[in-house]
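The values are calculated or read from the model by the stated rules, or taken from the named source; none is laboratory data. A quick note: this is a predicted structure, and the numbers were derived from the prediction, not measured. No Cβ is skipped: glycine too gets one built from the backbone with ideal geometry, and neighbour counts run over all protein chains shown.
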Amino acid sequence: MLQAGGDLSWSSLFKYAYGLQPARAQQGIAAVDVLQLDVSGRPQAWITTKEAAVIYASDGVAWTLGEACQVLRGGLQRITGLQSRIEVHPIIAVRGAVPSRAWRQAPALSNPKLFARDRHVCAYCGRGFHADDLTREHIVPTSRGGADSWMNCITACRPCNGRKADRLPEEARMSLMYLPYVPSLHEDMILRGRRILADQMEFLLASVPRSSRLHG
Ligand SMILES: [Zn+2]
């Protein structure tokens, strides 16, 4: 996808980027993740600042959004005698073809993302829980043909999940306090993010439907 310019090989680029250190002024600040977009602005991944530096160093960055969030400094350049320096922005769009297949697929389902979608609230009793006390609940049990999908999965606390057991909600006389939905790609990036900067959240939320619980 990325074209390494000149005689730079991927291995030398990685060596270069991993030799970079945060500038003194930035030390002590928690590492941030960079939101990687394709050139048309669709989110692709969260990457580390060092992974972003590899893309900068290979001239793979098409455009950026937000104020530089980290400055990485490397060794002295042999020709100029200057210290190499890369300003990493919170959002970078990379050059290259758009992988359209990834864009059409629904985001992968995981427990942390499911719990985040449902705001750590049990769909049956409506109480909030720590992730350790929550389970992935299949509305139609898998033993009865229910899919392991965003639309058939909901967050439930352990007691509620145990009480419902291998039954449909109607059979267990338990009703859902909210409904499942498939997160959009932008929403998925929010659910996957660990430390989301204000610039990144603003960008992602702008494309999240108003109906999403993330706006709540
Ligand atoms: Zn519950």
Verdict on I86 being away from the ligand (no atom under 13 Å from the Cβ) and either within 20 Å of the chain's Cα centre (by Cα) or charged (D, E, K, R) (or both): no
First in segment 111-123 and assigned by TED's automatic domain parsing to the domain that holds E137, second anywhere and of a type in the set (G, A, S) and more than 15 Å from the ligand (Cβ to nearest atom), Cβ under 8 Å, 6 or more apart: R119/G216
Odd one out for L65 among (1) crowded, with 17+ Cβ neighbours inside 10 Å; (2) at negative phi: (1)
Helices (runs of 4 or more DSSP H) wholly inside segment 100-211 that include at least 3 residues being surrounded by 13 or more Cβ atoms within 10 Å (Cβ to Cβ): 111-117, 158-164, 185-192, 198-205
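Matching residues to (1) more than 16 Å from the ligand (Cβ to nearest atom); (2) of a type outside the set (D, E, K, R); (3) touching a helix residue (DSSP H, G or I) at 6+ places or on another chain (Cβ under 6 Å):
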| position | (1), (2), (3) |
| --- | --- |
| D132 | no, no, no |
| I139 | no, yes, no |
| N152 | yes, yes, no |
| D166 | yes, no, yes |
